[in-house]
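**Q** Shown below is the structure under consideration.
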Amino acid sequence: MESILNIQDLNVHFRTTNGQIQAVRRLNLFIPKNKITGVVGESGSGKTQTFLSLFGLSQASQVSGKAEFNGVDLLSLSKSELNKIRGRDISFVFQDPMSALNPYMNVGAQILETILAHQSLSKPQAVHLAEELLLSVKMNDPRAVMKKYPHQLSGGQQQRIIVAMAIVNEPKLIIADEPTTALDVSIQAEILELIQDIHKSHSTSIVLITHDLGVVAQLCDYVTVMYAGQIVEQSITSQFFSNLKHPYSQALMASVPKFDMNQDDLFPIPGQPPVLDHEIKGCPFAPRCPHVMAVCTVKEPSMISVAPNIMAACHLYPQGAS
């Protein structure tokens, strides 16, 4: 399968007063072309930092590894070279639209800035494109919308503006980071439907960073599960929910409330994720794992094929067992 993004041996470190935090550790990730890939895990698992670090948007003190996008290593590019790619070939949809939009510029100015930075259009042409774009994301009366400032729009409208800006230059890859977190349920459904429509109409590759397994089941073709800065399981979505392999993936699913459950049936994951200010020996999930073995505390498991279309990093599955 052809990839749009191939990440190899990615390490992301932050310098703090307590020493270095290893937010992402030896991560390898293949993002297939023209598909939606869900990246899930607890807060602090490294989901967002993985992608921010690739495009010069992270505050990390050290980023190493390789990230091939259309044959170009993003981590080898200068800031000016990255600027040419960001917003044109790769776009972002952030979880908090209010902080992603400039409060001092009206919506029209911000959309036009995105268009004119990457396309050779006259201003009238750019205005026409912006109006068509707003209609495509179901914003009525686009001329009136373009005159408004972000605070004059609802959260759902703000997120539609962010989505419009993300697709205006027809990028090859969109990174959507918890795009519905700050929205109410009805608006969440509309934004997710919009993202799905964009994928279908433009064959755009999408990475959907989320903690919501329901969203993954609804939208994604592939699932990647992260824990403590590493990938612990990768699967096609059609098999993921019926054939969970890694104990952390199983624990995540068990902790999700269901309509027919009462409060006594909830199964929270015991313990806490590890503090990443030192090198972890063995499997990072070992202290919380119900299946922990002696080897888990001393040897880091390798990511191996454990079933057709499923890979996991767990000592429950000896090398070659699949």
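**Q** Considering only protein heavy atoms, what per residue accessible area in square angstrom results for the range 215-261 with a 1.4 angstrom probe?
**A** Working: 1810 Å² over 47 residues.
Accessible area per residue: 38 Å².
**Q** What order, most packed first, do the peptides 1-8, 159-166 have when packing is the mean number of other Cβ atoms within 10 Å of each residue? Before the final figure, lay out each step's value.
**A** Values: 1-8: 16.4, 159-166: 25.0.
The densest-packed peptide leads the list: 159-166, 1-8.
**Q** Output the pairs from Lys123/Lys148; Lys84/Lys148; Lys35/Lys138; Lys138/Lys200 with a Cα-Cα distance over 20 Å in this structure; if there are none, say none.
**A** Among Lys123/Lys148; Lys84/Lys148; Lys35/Lys138; Lys138/Lys200, the Cα-Cα distance tops 20 Å for Lys84/Lys148; Lys35/Lys138.
**Q** Still on this model: Add +1 for every Lys or Arg and -1 for every Asp or Glu among the other residues with Cβ under 13 Å from the Cβ of Gln239, and state the total. Working shown, then result.
**A** Numbers: positive: Lys245; negative: Asp221, Glu233.
The answer is -1.
**Q** Using only the C-alpha atoms of the chain, find the volume of their convex hull and express it per residue in Å³. Write down the numbers at each step before the final one.
**A** Numbers: hull volume 50.0 nm³, N = 322.
It is 155 Å³ per residue.
**Q** What is the spin-label model distance, in nm, from His211 to Glu190 if the labels are put 7 Å beyond Cα along the C-beta direction?
**A** In this crude label model, His211 to Glu190 measures out at 2.5 nm.
**Q** Which of the listed residues, Leu219, Ala254, Pro301, is farthest toward the dipole's positive end in the chain, when Lys, Arg count +1 and Asp, Glu count -1 at the beta-carbon?
**A** Pro301
**Q** For the range 175-286, state the semi-axes of the equivalent ellipsoid (square roots of 5 times the eigenvalues of the alpha-carbon gyration tensor), sorted largest first and rounded to whole angstrom. List each step's numbers first, then the result.
**A** On the way: eigenvalues 141, 73, 41 Å².
Equivalent-ellipsoid dimensions as semi-axes: 27, 19, 14 Å.
**Q** Further, regarding this structure: Only bridges with both residues in the range 176-320 count here: give the DSSP antiparallel percent, nearest 5.
**A** Of the beta bridges lying entirely in the range 176-320, close to 85 percent run antiparallel.
**Q** Under a Cβ-only charge scheme (Lys and Arg +1, Asp and Glu -1), can you give me the dipole magnitude of the range 1-88 about the Cα centre, in debye to the nearest 20? Don't jump to the answer; show the numbers that get you there.
**A** Working: 11 positive and 6 negative charges, 35 e Å.
With only Lys, Arg, Asp and Glu charged at Cβ, the dipole is about 160 debye.
**Q** Let me ask something else about it. Restricting to the chain, what percent of DSSP beta bridges are antiparallel, rounded to 5?
**A** Working: 32 of 50 bridges.
Percent antiparallel among DSSP bridges in the chain is about 65.
**Q** Calculated from DSSP H runs of 4 or more alone, at -39500 (n - 2.57) each and per residue, what is the 222 nm mean residue ellipticity of the chain, nearest 500? The partial results should precede the final answer.
**A** Values: 11 runs with 100 residues, N = 322.
So the calculated ellipticity at 222 nm is -9000 deg cm²/dmol.
**Q** Still on this structure, I have one more. About the Cα centre of the range 40-135, what is the dipole size in debye to 20, counting +1 per Lys and Arg Cβ and -1 per Asp and Glu Cβ, all else neutral? Don't skip to the end; give the middle numbers.
**A** Values: 7 positive and 9 negative charges, 42 e Å.
Roughly 200 debye, rounded to the nearest 20.
**Q** Where a ≥ b ≥ c are the square roots of the eigenvalues of the C-alpha gyration tensor, would you call the range 83-124 rounded, which needs a/c under 1.5, or, failing that, prolate if a/b is larger than b/c, or oblate?
**A** Values: a/c = 3.00, a/b = 1.22, b/c = 2.46.
Oblate shape, in that a/c is at least 1.5 and b/c is the bigger or equal ratio.
**Q** Select from Ala23, Gly41, Thr180 the residue farthest towards the positive end of the dipole of the chain; place +1 on Cβ of Lys and Arg, -1 on Cβ of Asp and Glu, and compute about the Cα centre.
**A** The listed residue farthest towards the positive side: Ala23.
**Q** Tell me the carbon and sulfur percent of the accessible area for the range 157-311, rounded to whole percent, probe radius 1.4 Å. Don't skip to the answer; put the middle values down first.
**A** Working: 3970 of 7200 Å².
Answer for the range 157-311 is 55 percent, counting heavy atoms of protein chains only.
**Q** Once the Cα atoms of the range 9-54 are picked out, what are the Rg and Dmax in Å?
**A** Reported Rg and Dmax, both Å: 12.3, 42.
**Q** Under a Cβ-Cβ cut-off of 13 Å, what is the net charge of the residues other than Val127 that fall near it, where Lys and Arg count +1 and Asp and Glu count -1?
**A** Working: positive: Lys123, Arg143, Lys147; negative: Glu113, Glu131, Glu132.
Summing Lys and Arg as +1 and Asp and Glu as -1 gives 0.
**Q** Label 7 Å along Cα→Cβ of Glu170; the range 100-118 residues with amide nitrogen under 16 Å?
**A** Within reach of a label on Glu170, which here means backbone N under 16 Å from a point 7 Å along Cα→Cβ, the range 100-118 contributes 115-116, 118.
**Q** Students often get this wrong: which residues of the range 30-45 have the backbone nitrogen under 20 Å from the point 7 angstrom along Cα-to-C-beta of Ser76?
**A** 30-31
**Q** May I have the pair-distance distribution P(r) for the range 1-142, computed from all Cα-Cα distances with 10 Å bins from 0 and rounded to whole percent?
**A** Over the range 1-142, the share of Cα pairs per 10 Å bin runs 10, 32, 32, 21, 5, 0 percent.
**Q** What FRET efficiency would be calculated for the residue pair Asn34, Val295, taking the C-beta separation as r and a Förster radius of 30 Å, to the nearest 0.05?
**A** Numbers: r = 39 Å, r/R0 = 1.31.
The computed FRET efficiency comes out at 0.15.
**Q** Skipping prolines and chain starts, which residues have an amide H placed within reach, meaning under 5 Å, of the one on Tyr227, given they are 5 or more residues away or on another chain?
**A** Residues meeting the amide H criterion: Val232.
**Q** Would you please put 189-199, 21-31 in order of how densely packed they are, using the mean number of other Cβ atoms within 10 angstrom per residue and starting with the highest? Intermediate values should be presented prior to the final figure.
**A** Details: 189-199: 17.8, 21-31: 19.9.
Descending mean neighbour count gives 21-31, 189-199.
The values are calculated or read from the model by the stated rules, or taken from the named source; none is laboratory data. Here the structure is a predicted model, which is why all the values come from computation and not from measurement. Please note: Cβ atoms are built from the backbone with ideal geometry, for glycine as well, and neighbour counts cover all protein chains shown. Surface accessibility is based on the protein's heavy atoms, side chains included, excluding ligands, DNA and RNA. Shrake-Rupley method; radii C 1.70, N 1.55, O 1.52, S 1.80 Å.
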